[in-house]
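Visitor: Sharing a structure, written as structure tokens. Questions coming.
Taken together, the values in this text are just the output of simple stated rules run on the coordinates, not laboratory data. Predicted, not measured: the structure shown is a model, and the values here were computed from it. FYI the Cβ positions are ideal-geometry reconstructions off the backbone, even for glycines, and counts take in every protein chain you see.
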Amino acid sequence: MATLRIPDRNVTLSDPSAVRQFLDKRGIFYERWSACGDFPSGAANEQILTAYNYLLKPYMEKGGYRTADVIRVDERTPNLEGIREKFIREHTHSEDEVRVFVEGQGFFWFHMEAQDDEIFAVLCEQGDLISVPAYTKHWFDLGTFPKVCAIRIFTDQAGWVPHYTNSGIDQRYRW
Ligand SMILES: [Fe+2]
């Protein structure tokens, strides 16, 4: 279950409805998903997509999303530091960044220019679906001990290209 933290205000939200309401007010879609049936840790990508298909299919149809895949990052991932570096710098995308957390965890950081440059982070864990709206400044921290498996949902994979802001703001915040 996601936890939300606003470091500048020393606020932490862990109540599910409070987290959802906070994100909803800022145009960030969040909901809880659970798999249909069990699958083992480290299951094949196809098995994961099949287990979530009953939610994935209607979500994709409704939102006009065309493809979904599974990303897995842990300490055995080749070029881990390169991947960490790619995710952890503030950037935007020209399409929504939709992730369903299947295993492990990670920290999505948001920089809301429309809300007086408010900065907050969401600790995403198993069962959390979060959709970062297109053109929203954000970054993703894998944490000290990277372990995450997530479904990615795309309108067009080309839209995922990160456009870096090079603001350096990402270096001022840690969970
Ligand atoms: Fe991103």
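Visitor: Under 29 Å Cα-Cα from K62, which lysines qualify once same-chain neighbours fewer than 8 residues away are excluded?
Guide: Candidates past the 8-residue exclusion: K25, K137.
Visitor: Now for a separate question. Select from segment 111-163 those chymotrypsin sites (Phe, Trp or Tyr not before Pro) which occupy a DSSP coil region and have at most 15 other Cβ atoms within 10 Å, ordered by residue number. Can you show the working numbers first?
Guide: Values: sites: F120, Y135, W139, F140, F154, W160; in loops: Y135.
In loop regions of segment 111-163 (DSSP not H, G, I, E or B), the sparsely surrounded chymotrypsin sites (Phe, Trp or Tyr not before Pro) are Y135.
Visitor: Turning to a different aspect of this structure: If I model a spin label at D15 and Y54 as a point 7 Å from the Cα along the Cα→Cβ vector, what separation in nanometres do I get?
Guide: According to this spin-label approximation, the distance is 3.1 nm.
Visitor: Now, a different point. Which cross-chain or sequence-distant (5 or more) residues have an amide H under 5 Å from the amide H of E97, H modelled 1.01 Å from N in plane?
Guide: For E97, the qualifying residues are V132, A134.
Visitor: State log₁₀ I(q)/I(0) for segment 36-175 at q = 0.13, 0.14, 0.21 Å⁻¹ as given by the Debye formula over alpha-carbon point scatterers of equal weight, solvent excluded.
Guide: Taking Cα atoms of segment 36-175 as identical point scatterers yields -0.57, -0.66, -1.43.
Visitor: Something else now. What is the packing order of peptides 27-36, 58-67, taking the mean over residues of other C-beta atoms within 10 Å and listing the highest first?
Guide: Details: 27-36: 15.2, 58-67: 12.5.
Answer by packing, highest mean first, reads 27-36, 58-67.
Visitor: Please work out the ratio of the alpha-carbon Rg of segment 56-115 to 2.2 N^0.38 Å and round it to two decimals.
Guide: Values: Rg = 14.2 Å, N = 60, 2.2 N^0.38 = 10.4 Å.
Computed over Cα atoms of segment 56-115, the ratio equals 1.36.
Visitor: Continuing with the same structure: Could you grab the relative contact order for segment 84-175? Cα pairs under 8 Å, six or more apart, rounded to a whole percent.
Guide: Reported as a whole number, the value is 44 percent.
Visitor: Place a +1 charge on the Cβ of each Lys and Arg in the chain and a -1 charge on the Cβ of each Asp and Glu, then give the dipole magnitude about the Cα centre in debye, rounded to the nearest 20.
Guide: Values: 20 positive and 26 negative charges, 17 e Å.
Its charge dipole is roughly 80 debye.
Visitor: If we count other beta carbons within 10 Å of each Cβ, what is the order of D15, D141, fewest first?
Guide: Details: D15 12, D141 19.
Neighbour counts put them in this order, fewest first: D15, D141.
Visitor: Only Cα pairs under 8 Å and at least 6 apart count here; give the relative contact order of segment 1-58 as a rounded whole percent.
Guide: 21
Visitor: Suppose each label sits 7 Å from its Cα in the direction of the beta carbon; what would the S34-I6 distance come out to in nanometres?
Guide: Using points 7 Å along Cα→Cβ, the separation is 3.1 nm.
Visitor: Still on this model: Can you tell me the FRET efficiency between T67 and T165 if r is taken as the Cβ-Cβ distance and R0 is 30 Å, rounded to the nearest 0.05? Can you show the working numbers first?
Guide: Values: r = 26 Å, r/R0 = 0.88.
In this case the efficiency is close to 0.70.
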